[in-house]
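Below: the structure, in structure tokens.
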Amino acid sequence: MLSGELKQLYDSYYDGTVTPKRVISAKDSMREIISISDGQSFERLLDVGSGEGALLQEIEESGFTKSMSVVEISSSGI
């Protein structure tokens, strides 16, 4: 269960002010994921803390996985 303080912090975390940075970071993260997975693809992927979905978009575009599930606690991320 989330504390009220933690929930309040994350409720407005994804307000759009740093979206360009998140997109750049997602591209870098995707390159690293591909590198450490040695070029493999996977049937399923679980992204915990998926935020507003910048990395999910990169994953989808790459064809890295066939099925994705996500978990996010921030209402602004969802």
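Taking 0.36 nm per residue of separation and subtracting the current Cα-Cα distance, fully stretching the chain between Q57 and S25 would add 10.3 nm.
I need the Kirkwood Rh of region 13-78: take the reciprocal of the average 1/r across all distinct C-alpha pairs and report it in angstrom.
Working: mean 1/r = 0.0809 Å⁻¹.
After inverting the pairwise mean of 1/r, the radius is 12.4 Å.
What dipole magnitude, in Debye to the nearest 20, does the chain give about its Cα centre under +1 on Lys/Arg Cβ and -1 on Asp/Glu Cβ? Mind showing how you got there, number by number?
Working: 7 positive and 13 negative charges, 8 e Å.
Here the chain has a charge dipole of around 40 debye.
Of all lysines in the structure, the ones whose alpha carbon falls short of 27 Å from that of K66, not counting any fewer than 8 places away in one chain, are K21, K27.
Coordinate-derived values only; no laboratory data. These figures come from a predicted structure and were not determined experimentally. Neighbour counts are summed over all protein chains in view; Cβ atoms, including those assigned to glycine, are modelled from backbone coordinates with ideal geometry.
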